[in-house]
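Working notes, beginning with the structure itself.
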Amino acid sequence: MPVSPWMITPFVLLLLAIALMPLFHPAWWERRYPWVSLILGAVPVAYYGLVLDNSRRMLLSGMEYVSFIALIGSLFVVSGGIHIGIRGRSTPAGNVALLAIGAVVANLLGTTGASMVLIRPYIRANKYRISGYHIVFFIFIVSNIGGMLTPIGDPPLFLGYLKGVPFFWVIGRVWLIWLLAVAAVLAIFYAIDRYNYRKMPDELEREIEAEGEHARVAGLHNVVFLLMIIGAVFLPEPIREIIMIAAAVLSYATTGRRIHERNEFNFLPLKEVAVLFAGIFATMVPALDWLELNAGLLGLTHPAHFYWGSGALSSFLDNAPTYLNFLSAAFGIHGLSVDNPLHMRAMLGTLAPADLAHLQTLHAAVQTVTDQSWR
């Protein structure tokens, strides 16, 4: 039985709620978002279990959710145990260097982890002349663009990795784009920051110099746990998730309370992500399945459609479900399934010639049966 397009409604409602409710009703959302996620997520779970008799589909999505949260959560905990203290004069060149380092580190700690580690020292370094543009460019470079090279860096890429996209497939194709994007944004930031720096009063500059300069790092033992997480990414489940969770537990247990206090570390952000993504992983299943069968109805026939469409949706909705939905649509247009490893290798151009011939024969047979059915 095909999936009813009406079952996409909970997915759309949840994404709209995540995007709009914190803006218009923040107090209500803070109290009720777990219930919103639970209720909307329960609808497709019941539909697949009771109507389609396909609970296995939801179970597979649940397993991907566990893998997703294990990575996000472990990186969150480990990065929360690293504290960087910076004091002294911040220069435009120094800020550019810090942001460039953050762009690279985002591919190892994840954009969330890199942001947690660097945002406070970045603000402290610029405390005498901090401005809104400092935060905006930090978000651009460290929290967004930086992590686009690896599945560890960006949640959507990790979801693609779970679907079968090779770990180094993305970096091999976008490293130059990444480099140009980071360099261009850093150049704009440098021009603005240099103008701001020149306006700093001489008295303030002498006061900063009197403080002295230093940079200290605490919690370096967490690098070991970070390496555990990175290595675990290449292992099969459930070993991968067990090692990630173990690394997080060991990190939290061995990190001094003072480091966590300096980082203002708590589990509330992780709780919100875990709760909301539980609903997202449940509600997006009907959308993914419907897109695989009906992608052609959306008129997505050119790479530009995917480029602008995914970019537009990611600008105000979460980029992880946007990535998976457009990936499913791309597969669906060619009559392929995003959950089939053979199809994934065919789309990525990594399929062996023998497998490719088998796939072409299979598609020809399916097309013949389909044509006969319509006659």
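The values are calculated or read from the model by the stated rules, or taken from the named source; none is laboratory data. All values derive from a computational prediction rather than experimental measurement. Every residue, glycine among them, receives a Cβ derived from its backbone with ideal geometry; neighbour counts consider all protein chains shown.
Before moving on, here are some points about what is shown:
- Every condition in (1) surrounded by fewer than 16 Cβ atoms within 10 Å (Cβ to Cβ); (2) assigned to a helix (DSSP H, G or I) is met by GLU264 except one, and the failing one is (2).
- Unique match (being surrounded by 19 or more Cβ atoms within 10 Å (Cβ to Cβ), more than 16 Å from the chain's Cα centre (by Cα), of a type outside the set (Lys, Arg) and in a helix (DSSP H, G or I)) among LEU288, LEU297, LEU324, LEU276: LEU288
- Of the residues making up the stretch 102-149, those that are in contact (Cβ under 8 Å) with a residue 40 or more places away in the chain and of a type in the set (D, E, K, R) number 2.
- When residues of the stretch 93-146 are limited to those that are among the small types (Gly, Ala, Ser) and not in a helix (DSSP H, G or I), the one nearest to PRO269 (Cα to Cα): SER143
- Cβ pairs under 8 Å, 6+ apart, first in the stretch 5-22 and over 20 Å from GLU292 (Cα atoms), second in a helix (DSSP H, G or I) and small (Gly, Ala, Ser): LEU14/SER37; LEU14/GLY41; LEU14/GLY279
- Screening the stretch 168-183 for residues that are part of a helix (DSSP H, G or I) and under 17 Å from the mean Cα position of the chain (by Cα) and picking the one that is farthest from PHE158 (Cα to Cα) gives TRP178.
- Test: residue in the stretch 171-180 that is at pLDDT below 95 and charged (D, E, K, R): yes
- The lone exception for MET228 - which of (1) surrounded by 14 or more Cβ atoms within 10 Å (Cβ to Cβ); (2) hydrophobic (A, V, I, L, M, F, W, C); (3) touching a residue at least 24 places away in the same chain (Cβ under 8 Å) it fails: (3)
- Condition check for LEU60: without any contact (Cβ under 8 Å) to a residue 40 or more places away in the chain and either of a type in the set (A, V, I, L, M, F, W, C) or surrounded by 18 or more Cβ atoms within 10 Å (Cβ to Cβ) (or both): no
- Looking only at residues in the stretch 34-48 that are within 22 Å of PRO269 (Cβ to Cβ) and either of a type in the set (Ser, Thr, Tyr) or touching a residue at least 60 places away in the same chain (Cβ under 8 Å) (or both), the one that is surrounded by the most Cβ atoms within 10 Å (Cβ to Cβ) is GLY41.
- Within the stretch 85-115, if we keep just the residues that are at pLDDT below 90 and either in contact with a strand residue (DSSP E or B) (Cβ under 8 Å, 6 or more places away or on another chain) or hydrophobic (A, V, I, L, M, F, W, C) (or both), the residue that is surrounded by the most Cβ atoms within 10 Å (Cβ to Cβ) turns out to be ILE86.
- Verdict on PHE234 being touching a helix residue (DSSP H, G or I) at 6+ places or on another chain (Cβ under 9 Å) and part of a loop (DSSP other than H, G, I, E, B): yes
- Comparison of VAL66, VAL3, VAL51 shows that the only residue that is of a type outside the set (S, T, N, Q), surrounded by fewer than 18 Cβ atoms within 10 Å (Cβ to Cβ) and modelled with pLDDT under 95 is VAL51.
- All of (1) surrounded by fewer than 14 Cβ atoms within 10 Å (Cβ to Cβ); (2) within 28 Å of LEU298 (Cα to Cα) hold for TRP28 with one exception: (2).
- Number of the exception - ARG120 against (1) surrounded by fewer than 18 Cβ atoms within 10 Å (Cβ to Cβ); (2) over 24 Å from the mean Cα position of the chain (by Cα); (3) modelled with pLDDT under 95: (2)
- Taking each residue of the stretch 166-193 that is touching a residue at least 12 places away in the same chain (Cβ under 8 Å) and looking for partners that are surrounded by fewer than 17 Cβ atoms within 10 Å (Cβ to Cβ) with beta-carbon atoms closer than 6 Å, six or more apart or interchain, yields ILE192/TYR133.
- Just one of the listed residues (ALA354, ALA304) is at pLDDT 85 or above and either more than 25 Å from TYR65 (Cβ to Cβ) or acidic (Asp, Glu) (or both), namely ALA304.
- Matching option when the condition is under 20 Å from the mean Cα position of the chain (by Cα) and more than 25 Å from LEU157 (Cβ to Cβ), among LEU38, LEU20: LEU20
- Taking first residues from the stretch 238-260 that are farther than 9 Å from VAL78 by Cβ and modelled with pLDDT of 95 or more and partners that are among the hydroxyl-bearing types (Ser, Thr, Tyr) and surrounded by 16 or more Cβ atoms within 10 Å (Cβ to Cβ), the Cβ contacts under 7 Å between residues at least 6 apart in sequence or on separate chains come to ARG240/SER67; GLU241/SER67; MET244/SER74; ILE245/SER74.
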